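K.L.:
Before I ask anything, here is the structure I am working with.
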Amino acid sequence: MTAVVLAQAAPNEALEKFLGMLVNGLSLGAIYAVLAMGFVIIFKATQVVNFSHGALAGLGAFLVAAFAVTLNVPGRWIPGAPEWVQWALSALFAIAASALVGMALERVFIRPMIGEPLFSVAIITLGIDIVVRTITDDFIGTDIRPMGDPWGATVVDLGPVVIPQVTIVQFAVTIVLMAGIALFFRSRTGVAMRATAFDQEAAMAQGIWVGKIFGIAWAIGAGMAAVGGMFAAMFPRATGVSAATAFIAFRAFPAVIIGGLDSIVGAVVGGLLVGLA
């Protein structure tokens, strides 16, 4: 009788372990996919390989921690709102701030380099990465900054697999972002961005403001980097944002290579494959 029980327990244990690893891999892959999509959008619009993507991810995660925990903005302005609503609004504020930083970096450092060799522009992004990471690390300090998210280490027990609540939120946000990007490229601005990526001179001849398209691309890319960095700094990946958060984007580069530098769908597929691997 004992042998029968052990024989039944072993397959169940193996199944639970497999499902747990599957969920963990998909969760990590979703982070890589979000980071890769932001990277690809910048490349599609500007043909620039943005090596500062990791620094923008770390900055975005830090801003979420600052807005949600340190400043409690806009939570302090809407007393009585549920905790998750206050936190979500703080996260949106931080993502918007990251997008503005991305636009500012493009305007100051990238746009003056239009017409220069792409290798030179890529080196500029390496310099941006060093500067942004240095400033962010100075603000973070030596202590890990908690994200203050309302889910914490809470999990959902589905029987054979246990899923952290934050992972469910992460999957939902990733799907929303994918749908949003798909709709964006069907919009007037999205079509202009695709035209700019195809031929900048022809796009300018058609009356497309290429500089504006560049700024929008960097804003979207920086915002998505912030989302990826935010989730990378949460349970079960970490207990908060630290200097190491910025390096998560470098792990997403293989996803970009697998999926293609100019393919949004490829970025998602590549991210999930790398996460599962």
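K.L.:
Filter the chymotrypsin sites (Phe, Trp or Tyr not before Pro) in segment 182-247 down to the DSSP loop ones having no more than 15 other Cβ atoms within 10 Å, then list what survives.
P.N.:
Here the sparse-neighbourhood loop sites are 185, 209.
K.L.:
Here's something else I'd like to know. Using alpha-carbon pairs under 8 Å, 6+ residues apart, how would you state the relative contact order of the chain in percent?
P.N.:
Over the chain, the number comes to 40 percent.
K.L.:
With label points built 7 Å along Cα→Cβ from the Cα atoms of residue 171 and residue 85, find their separation and express it in nm.
P.N.:
Simple spin-label model gives 2.7 nm for this pair.
K.L.:
Here's something else I'd like to know. Would you mind getting the Kirkwood hydrodynamic radius of segment 65-130 from its Cα pairs, rounded to one decimal in Å?
P.N.:
Its Kirkwood hydrodynamic radius stands at 14.0 Å.
K.L.:
Still on this structure: Report the Cα centroid-to-centroid distance between segment 10-64 and segment 226-271 in angstrom, as an integer.
P.N.:
Value for the Cα centre distance between the two parts: 3 Å.
K.L.:
Okay, next question. Could you give the angle, 0 to 90 degrees to the nearest 10, between helix 53-65's Cα long axis and the longest principal axis of the Cα atoms of the chain?
P.N.:
The angle comes out at about 60 degrees.
K.L.:
Taking Cα atoms, how many degrees apart are the long axis of helix 118-140 and the longest axis of the chain, rounded to 10 and kept between 0 and 90?
P.N.:
Helix 118-140 and the main axis of the chain meet at about 50 degrees.
K.L.:
Trypsin sites (Lys or Arg not before Pro), restricted to segment 135-222: which are DSSP loop and have at most 13 other Cβ atoms within 10 Å?
P.N.:
Filter output for segment 135-222: 186.
K.L.:
Additional query: With an 8 Å Cα cut-off and a minimum separation of 6 or more residues, compute the relative contact order for segment 196-277 in percent.
P.N.:
14 percent
K.L.:
Roughly how many percent of the accessible protein surface of segment 46-189 is carbon and sulfur, given a 1.4 Å probe and a whole-percent answer?
P.N.:
71 percent
K.L.:
Here is a follow-up. I'd like the FRET efficiency for residue 191 and residue 47, computed as 1/(1 + (r/R0)^6) with the beta carbon distance as r and R0 of 22 Å, rounded to 0.05.
P.N.:
0.80
K.L.:
On average, how much accessible surface per residue is there in the chain, in Å², for a 1.4 Å probe, leaving out ligands, DNA and RNA?
P.N.:
Solvent-accessible surface per residue comes out at 49 Å².
The values are calculated or read from the model by the stated rules, or taken from the named source; none is laboratory data. Keep in mind that what you see is a predicted model, and the values were worked out from it rather than measured. Glycine also receives a Cβ, built like all others from the backbone with ideal geometry; neighbour counts cover every protein chain displayed. We work out accessible area using only protein heavy atoms, side chains counted, and drop any ligands, DNA or RNA first. Shrake-Rupley method; radii C 1.70, N 1.55, O 1.52, S 1.80 Å.
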